[in-house]
Amino acid sequence: MSDLLPYLPAFVAAYGLLLVGGASPGPAVAMLMGLSFGQGRRAALIACLGIAAGATTNNLLTMAGVGLLLSQAAWAMTTLKLAGAAYLAWLAFGALRKAIHPPALATAETAPRGAVRLLLMGYAMQVTNPKSIVFWLAIAALSPTAGAPLWVAALFVGSCFALSFCTHAAWALLLSTAHVRAIYTRSRRWIEGALGVFFALFAFRLATDRS
């Protein structure tokens with residue numbers, strides 16, 4: 001345990017950044033909103049596992065130095081941004097289609113369908129999310145595992161997975177409460193339309209961003 005103590009200050013700082021990233025609304029939270037309202041709590045929680053897995057992938061890549069390479073290689077970052085923009089545009093299309101032709105609301109019994117697809121949705125969202133990558137680059141700058149034994153690095157990766165899941169799961173639980181779901185039932189066209197516009201704006205911003 002004494003081997004862990006020198007790394008704790010950097011761990012705590014990294015956790016703080018990760019909490020800010022997970023607690024601040026963005027494309028992942030918007031996706032969870034749509035899933036929570038349309039398919040229920042369990043579907044959103046499954047997607048949270050995918051989001052946490054995507055965050056872990058970004059974590060491992062930045063630890064391996066790939067994130068730093070992406071930040072320095074303009075073509076690589078541009079490719080990543082375009083991939084993220086295309087995915088957000090696809091989500092925008094789906095949300096706007098549901099705003100125009102609302103499907104029947106899923107019940108708690110039908111929500112678990114398509115678990116693999118939900119996992120992949122969450123994973124694809126987070127692994128191509130420039131917001132996530134920027135936060136992980138900031139965390140990598142803290143060097144929380146520099147020179148650490150393998151078990152310390154593994155502990156950091158595992159704890160970050162758990163923290164990412166918990167912060168997004170908190171959104172999923174909040175958005176799938178009966179009160180919030182009742183609001184969605186009454187205003188689903190407007191909410192889905194707003195989500196579609198939100199995703200479309202994010203896609204346009206990513207596709208046109210020159211930074």
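Every read-out reported here was derived from the displayed coordinates using simple, explicitly stated rules and does not represent laboratory data. Treat the numbers as computed from the prediction; the structure is a model and nothing was measured. We place every Cβ from the backbone using ideal geometry, glycine too, and count neighbours over all the protein chains shown.
At a Förster distance of 25 Å, what's the computed FRET efficiency of Val116 paired with Leu201, Cβ-Cβ distance as r, to 0.05?
Numbers: r = 29 Å, r/R0 = 1.17.
Efficiency, from the Cβ-Cβ distance: 0.30.
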Label model pair Ala194, Lys131: point-to-point distance (7 angstrom along the Cα→beta-carbon line) in nm is 1.5
Considering only the other residues whose Cβ falls under 14 Å of the Cβ of Arg189, what net charge follows from Lys and Arg at +1 and Asp and Glu at -1?
+3
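Fully extended, how many nm does the chain gain between His179 and Ala23 (0.36 nm per residue separation, minus their Cα-Cα distance)?
Values: separation 156, 0.36 × 156 = 56.16 nm, distance 2.08 nm.
Length difference between fully extended and current span is 54.1 nm.
May I ask you to compute the full-extension gain from Arg97 to Leu142, defined as 0.36 nm times their residue separation minus their alpha-carbon distance, rounded to one decimal in nm? Walk me through the intermediate numbers first.
Numbers: separation 45, 0.36 × 45 = 16.20 nm, distance 4.30 nm.
Fully extending the segment from Arg97 to Leu142 adds 11.9 nm.
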Burial ordering of Lys131, Lys98, fewest other beta-carbon atoms within 10 Å first
Lys131, Lys98
